[in-house]
Structure formats: C-alpha cells, structure tokens
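The values are calculated or read from the model by the stated rules, or taken from the named source; none is laboratory data. If you're wondering where the values come from, they're calculated on a predicted model, not measured in any experiment. FYI the Cβ positions are ideal-geometry reconstructions off the backbone, even for glycines, and counts take in every protein chain you see. The protein model used for the area step is the full one, side chains on, heavy atoms only, and it has no ligands, DNA or RNA in it. Shrake-Rupley method; radii C 1.70, N 1.55, O 1.52, S 1.80 Å.
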Amino acid sequence: MDGTDVIKLPVTEERGPDKKRTRPAKFDPKEEAGKRRKNVESLAVLGETDSSVKLLEELVFGAEDELVERLVEEDEEQTGTLLVEDRDEESGESDDEDNARLQLQPTRKAAWVDEDDELEEVVDMKHRFRRDLMRGETESTMSKQKLQQRMREQFQKSMGGTPSWAESNVKKKKNKADDEDDDDEEEEDDLLRKTGNFVASSDSLPGGILRMKKCLHANSARPSEDRLSTVQFHPSAQVVMTAGLDQSVSLFQVDGKTNPKIQSIHLEHFPVHKAQFSLDGETVIATSLKNKMFYLYDMMEGRITPVHSVRGLNEARVKEFSVCPDGGALLLTGTNGYLHLLTLKTKEVVRSMKMNGNVSGVAFSNDGSKVFANSEEGEVYVWDMRSSRCVNRFTDDGCVKGTSLASSRNGQYLACGSQSGVVNVYSQETCLNSANPKPLKAVMNLLTSATSLTFNPSSEILAIGSRAEDEAVRLVHLPSLTVFSNFPVSKRKIVYRASCIDFSPHSGFFSLANNKGHAPLFRLLHYKDF
C-alpha cells in the first residue's frame, strides 16, 4: 500500500522529567519598607507641576472654576438641542398616530355582566308616558333596547344633536382636534359649534294640524236645559258667558278643569236669542226671539234693567244686534234691510241705513269707521259710520243667498257665508275699493248653510259653522288658507249643532254653543295666554 492511504495518528510527545518548583523568597520587612519609600518619593516628583506649564493652561483654558462652568453650559445646550429635535420629529408623526389611536382604541370590557340583560324585555308602549314615542299602531309593544334607542333619538332631535356631555372621551378628543383645525377657517358657520335647538319656535300658527286639548264643558257646573244660542268670552277677565232658550244667562270662570259657576240670572218669559258683553265688559245685552224689549245686566252692581221701548225705533222686535267698536252704541238689525244705530246712554236711535233685501250679517272694520252688511240677495254693502253713506257695494262671488258675515281684527280679511255652505274669504282692502272683488279662497268644506263665522283675535284662524247638521264646524288656517285636518274629531260627536262660536281674548281657548245645552271647550296649545 502507498503512504498516501494511511491515516496518521497523532504523535505523542515524550515527556521529560518533572521540573522542580522554586520556593518564594523569604519575606523581609525592612526591604519592603524601603521599596515603598522609594515609590512615594517618585510619585511626589511626578505630581509637581512647573509654574510655566500651569500659567499656559490658565491662558488657554481659563481658571479651573471657569472651565467647569463652561463645560456645564455646553452640556445643557447640547441636551436642549437634542430635546427640540426629538420633539419636532415626534410632532410630525403625532397627527397620524392620534388618528390611528382613535380608530384602534380598544373597547373596554364590562366589569360584570348580568345574564338577564341579554334577554329581550318587552315594554308596553300604550302607557301614557310612552305613547308619544309610538310611530304607528303596530308599535304597541317594543323591546327595551329599541325603546332606549328611540328615546335617544328623540332626545337628540329635541336638543338639535348630541350635547358635549353625552359624548364619549374618544369622540371628545376627536372633536377637540377638529375644532382646533377649524379655528383657522374664517368661513365656518357658528351654528355648527352649538348644541340645542337651531330653529326657535315660531310665533306664527303652523297649518295642517291644530294642537288642541279637549277640556271640561265651559258650562258643566250648570248645563242649559234647552238649546244654547250664545257663548262669549269676557274681553278682559277669564270668564265665559252662556245664554240660551232656557231663559237664563250664566257666567263661569274658565280654568279648563272645573270651570266653576260665578253667577246665573233668570229672565222670566224671555228665551235669549243673543247675549253679548259691552266693550268694557261691565254690561251684558240680551235680546229675545219675539220681543221688542231687551235687557241690560250691570254685572258690577248686579242690576237688571229692561228696555221696553226705544225712541225712534219702528220695529216689531229686536233680535239681532252688534256692539259698536266705540262701545257707546248698538247697531240693531231691523226688517226690510234697515240698520239702526242706538246709543246706550239715551236709549234712542240716532240714525238708520237702508239696503235692498233683508240683512243677514253685519261686521265692523277694525277701526270702526266702516260697517259691512250682506243681504239675503248675496250683495255686500259698505257703509261709512260717520256719514251713514254707502261707499261701496259688490256681489259675493257665486252667492245665491247670504247667511253670515265676519271681519278680522287686523283689518286684513272679510268672510262671507252663503246658504250653500261656501264661505268666500276676501281681502278687506279690496272690498273697500273694488266693485267686483275676487275671493282669496272659497272654503267648500260645509254642505249646509254657513250660519256662524268668527275670526280669532290674532286673525290666524277662521271658524265656520252650521246649525243645520251635527259636527258641521271647520277651522281655517288663514296664512295658508287651508282647513285644519284634525277638527272636529271624527270618532265621536262632541260639537253637535253649533249656533255660536267664540275665541278667548288671546286665543288660548275656543268654545261653541250647541243644541244639547252644552258649551264644549278646547284649549289651543299654540297660544300661551288666555
């Protein structure tokens, strides 16, 4: 075999004989002390510094104290520079990090979970406290979670959004960051920075649905035994008057709850056809159906004065009348188209006016200088009260037989009722100046004769009624000239046949006189005062 194929084993070196360990030298204390002395002397020589070298160091580096202070200042400056650089680098990434942190914010786990909370609890929505949250008859019951969501939506809607105290901390931080960015924009809308109602409640009456509440009958303390012919609110006190064919006139305090009776007077053999307060509210004037006599009731003194005859009045009976706006006279409606002006002080007729046909309705202008009167032939006359002269005359559009008339207190509207049930609403200014005015609106919601027309004090509502049919009463929203859809209530009869309609001095209440001897009372919630 060749030598290349042989694996060589490591060669073991031959070990020589063991060497003898040398013993350490014997310790000599005197020799050691001498060595230490020599070392100390050498160090002392090295530690001494030449005075020239020390002077050079002071010229170059300054004194020792100054050098230390300078080194401390340089160290502080370097540290501050590093902090500023680190802050700049961090600020560049802070916006992105904050947004990412807000999005990736971990949700907290509940500390304790009740198993009953997971069960769906059904809530009765027909309860009077939850009835307003229903959006239909199908929602008679609702789960507790859905009810909470509905209440939250209702609250946010009433507040105009989520208030700041109801927001979560994450959302607050995000909103705060957004607000800081938006401060630099000059065109930002201030409304977006506020909570609450953005739109304030309007003073004008909205159309469509009239917010109202049914109250106890105005004369519930003393219902009439026969048909009521009159209901009227006192011009200044919170009092309502009713009168009817039971020969009585009654006064009630209006509170909407009990409506207690104040006083009631009985007029012997005198079924009351119409009763009305004087302008100052101290006297009640009452007329009957077939008597020429009428009564004056002084409420302050409690005295009833019958007026048997009127000087200068050639009429068989006194039935219809209107109190003049000046308060000192009555305008009596006679037969054959006559209108008589009667002074209350002397109880005599001072002048009369004559029109064609029988008078069916009378209404004064807001300042009392003009009086409107319509006839059964469908013509409307405009008289000047000072001169007793007819200043205008026109035909009610489409009217065959006129039945009623009313004017608004703000001097804007004039309403004419007809036997067909159509009520034409005119501009009062046009009626004064035009010989052929066109109505602003023809209200055709009644099918029987329109016998009662009344404007509310704010001239926003026109009440029209008919005594020929049950529930034949409608309320017209004058700004839009549309009829309120929620009156009368169709489910049950409340109004019956209304012969008279009236509003309280500030439109807070609305009442009617019906054939059942009752005066249904309604609270108009839009108006705050009586």
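Here the contact order of the range 364-509, divided by its residue count and restricted to Cα pairs under 8 Å and six or more residues apart, works out to 15 percent. In this simple spin-label model, placing a label point 7 Å from the Cα along the Cα-to-Cβ direction at both Met293 and Asp132 gives a separation of 5.5 nm. With R₀ set to 41 Å, the beta-carbon distance separating Ser427 from Asp280 gives a calculated FRET efficiency near 0.85. Annotation for Gln253 and Arg393: the two label points, set 7 Å from Cα along the Cα-Cβ direction, are 5.3 nm apart. Average accessible surface for the range 486-530: 42 Å² per residue, computed with a 1.4 Å probe over protein heavy atoms with every protein chain in place. Evaluating 6.51 cos²θ - 1.76 cosθ + 1.60 at θ = phi - 60° for every residue in the range 495-503, the Karplus couplings come out as 7, 6, 9, 8, 9, 7, 9, 8, 10 Hz, glycine and proline recorded as x.
Residue-wise HN-Hα couplings along the range 358-374, as the Karplus relation 6.51 cos²θ - 1.76 cosθ + 1.60 with θ = phi - 60° gives them from phi, are 7, 6, 10, x, 9, 8, 8, 6, 5, 9, x, 7, 10, 10, 9, 9, 10 Hz; Gly and Pro carry x. For His506 and Asp226, a Förster radius of 35 Å and the Cβ-Cβ distance give a FRET efficiency of 0.65, rounded to the nearest 0.05. Do any of Lys213/Lys516; Lys146/Lys213; Lys347/Lys401 go past 27 Å between their Cα atoms, and which? Going by Cα-Cα distance, Lys146/Lys213; Lys347/Lys401 fall outside the 27 Å limit.
Residue ranges 124-134, 254-264 sort as 254-264, 124-134 when ordered by packing (mean number of other C-beta atoms within 10 Å per residue, highest first). Taking amide H as placed 1.01 Å from N in the peptide plane, Ile461 has its amide H under 5 Å from the amide H of Asn456, Leu478, each at least 5 places away in sequence or on another chain. A crude spin-label estimate for the pair Asn356 and Glu41, with each label 7 Å from Cα along the Cβ direction, gives 16.1 nm. Rounded to the nearest 0.05, the FRET efficiency derived from the C-beta distance between Met444 and Ala468 at R0 = 22 Å is 0.90.
What residues from the range 410-424 fall in the zone where the backbone N is under 20 Å from a label point 7 Å along the Cα-to-C-beta line of Asp367? Flagged as within label range: 410-415.
Whole-Hz Karplus values for the range 333-341 come out as 9, x, 8, 6, x, 8, 10, 10, 9 Hz, taken residue by residue from phi with 6.51 cos²θ - 1.76 cosθ + 1.60 and θ = phi - 60°; glycine and proline positions read x.
Of the peptides 278-290, 362-374, 240-252, 297-309, the order by per-residue mean of other Cβ atoms within 10 Å, starting with the highest, comes out as 240-252, 362-374, 278-290, 297-309.
Close amide-amide hydrogen proximity is noted between Gln263 and Leu251, each under 5 Å apart and 5 or more residues distant or on a separate chain (H modeled in the peptide plane; Pro and chain starts excluded). Amide H contacts under 5 Å for Met212: Leu525, restricted to partners 5 or more places along the chain or on a different chain, H placed in the peptide plane at 1.01 Å from N.
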